[in-house]
Amino acid sequence: MVLLKAFRQAMHILSSPVRGEARRRGLIIQPYRGYGTRQEICLMGRVYRQAGPLFGREGSLLGDVGDIGRRVMRRGQADVIVRASFGGTEQRVNTDRDGYFRIHLRTRQAPANQHWHSVALRLVQPPEPESDTEGQVYIPPDSARHVIISDIDDTVVFTGVANKIGMLWRLFMQGPKSRTAFPGVSALYRGLHEGPGGGEHNPILYVSRGPWGLYELLEEFFQLHNIPVGPIMFLREWGLSPLRPFPRRDEGHKLDLIRTMLALYADMPFVLVGDSGQQDPEVYTRIVQEYPGRVSAVYIRNVSLGPKRVGAIKQLAEQIAAAGSTLVLAADSFAMARHAEAHGLLAPEALERILEEEEREEESAEPHLQRRVTVTGRDPVRARELVERELGEQQHGIEIPDVVVETEKNRPK
């Protein structure tokens, strides 16, 4: 019964992109969430051709199966002209060979001081008025104080989001006690989004090496776990085909994206969040060295299993400290939060929420997601003291300790 219910839920979510208004046939514009400033915006999307409903009524199991089939069969359309209108101006762009388009539009009229803004999208060639839709772009309000750039794989989500089958299995087929989001990550990101004063609405930009095909699945995942929605999940098209069975190489993907964001938000400091499993520490170290004074902190979730990688990251932390910033190699979400609160990146009361969420989720988390230090207590200041004491008393039982390297200048007063 549980497996049947989980299977039904999986079918319903997988079919969601082609339900409702998207059930119609023909050319469809799929916009992805964009980002920007009062002067310019960037938005990406895809145009694809979709078959009409195959069988079954909408919302039924048979209808969901048919809609999944339609989703699998839809194909990106090359050389289609898309028109975007926003802020008193417009731009026309052509889709690439995979059907993707990229909008970079400079505004003539400064948008209102709000978070999300609508961008009107229309197919010009071939004309198809029924395909008209709106994209959403996030423009930081005046209250924003930091830009947070976060990796997704093994930072927000336990490894496997680039593997659709594995992620779906963990999400839906292992039952509610199987967690794929790291404990406490939702409260941590909400705290960073709101800032130390609350209501700052700091933008969170998510970066991944996964393909754009995971966009909808990740959107659903973020909603399920109440993780703040970012302006866009910077994914790329893998371009797989029988003649090209492996993803296209894109070595500088993350580095180039972060440089672009630093240039776009030139007057705002950044917080970088990643994991120890891939190249995040190396990429972030390079960014800190290239842009001195722009990065307030680097948070690395420790998913490594051996001391060699920890030692290598500690050396990178020393380089970051020498460049004027701080790298925190943390065993869990609360360890990151402790440092962030001490350095004025999130509110003291957010510590309590993060601690409570982390402990609650760890009760049902898989062993590899459980943190290595467990404390109780409702007072956030007291909780921090208890964590520090346990780290000292139980060091012999912790395979991968937290590592914080910072200069006297960067330590909280």
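Bear in mind that the values in this text are calculations on the coordinates, not laboratory data. A quick note: this is a predicted structure, and the numbers were derived from the prediction, not measured. Every residue, glycine among them, receives a Cβ derived from its backbone with ideal geometry; neighbour counts consider all protein chains shown.
State the extension gain, in nm to one decimal, for the chain segment bounded by Lys308 and Asp132, taking 0.36 nm per residue of separation less the distance between their alpha-carbons. Could the numbers behind the result be given before it?
On the way: separation 176, 0.36 × 176 = 63.36 nm, distance 5.36 nm.
Net length gain for the segment: 58.0 nm.
Using the Cα centre of region 271-330 as the reference point, and only Cβ charges (+1 on K/R, -1 on D/E), how large is the resulting charge dipole? Debye, rounded to the nearest 20. Before the final figure, lay out each step's value.
Details: 6 positive and 5 negative charges, 23 e Å.
Computed charge dipole of region 271-330: roughly 120 debye.
For region 206-220, just list the computed ³J(HN,Hα) in residue order, Karplus coefficients 6.51, -1.76 and 1.60, θ = phi - 60°, integers in Hz, with x standing in for Gly and Pro.
9, 10, 8, 8, x, x, 4, x, 8, 3, 5, 5, 5, 4, 5
Could you list which residues have their amide H under 5 Å from that of Val328, counting only those 5 or more apart in sequence or on another chain, with H placed in the peptide plane?
Val298, Tyr299, Ile300
Hey, can you rank 111-118, 136-143, 125-132, 340-347 by average C-beta count inside 10 Å, highest first?
By packing density, highest mean first, the sequence is 340-347, 136-143, 111-118, 125-132.
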